[in-house]
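**Q** There's a structure below that I have some questions on.
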Amino acid sequence: LGTVALTLVGVVIAGWFALLVPALALLAARRHTLLVPIAFVALAAAGIAAAIGAGEPVGAGEGAFGRLAQLLALIGLFAGLVSLGERGKDEPA
């Protein structure tokens, strides 16, 4: 249910890129330990892409407003949110 809700919110935010949510949820079901590194690497790469294009006008589509930085930020955000739902599975009750 959480994956469906997150996907619907993702459609509003990101359009078709919201399909990353079910893909990341499937990855979480098989290898949940990969989600945190994926989120970290994607967000770090988004920050680097934003820093490289710093100072460019918004309309230029570079830096933080570039497609690459936005896509990487979405991957990091969705991976982080999907990993929050997986946290309780390994913890003892």
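Here, each number is a calculation from the coordinates, and none is a lab measurement. It should be emphasised that the depicted structure is a prediction, and the values quoted were computed from it without experimental measurement. Using ideal geometry, Cβ is built from the backbone for each residue, glycine included, and neighbour counts are taken over all protein chains shown.
**Q** Pop the C-beta distance of residue 52 and residue 19 into the FRET formula with R0 = 41 Å and round what comes out to the nearest 0.05.
**A** 0.90
**Q** Each label point is 7 Å from the Cα along the Cα-to-Cβ direction; what then is the distance between the points at residue 40 and residue 4, in nm?
**A** Rounded to a tenth, the inter-label distance reads 3.4 nm.
**Q** Let me ask something else about it. Using label points projected 7 Å from each Cα along Cα→Cβ, tell me how many nm separate residue 33 and residue 67, to one decimal.
**A** 3.6
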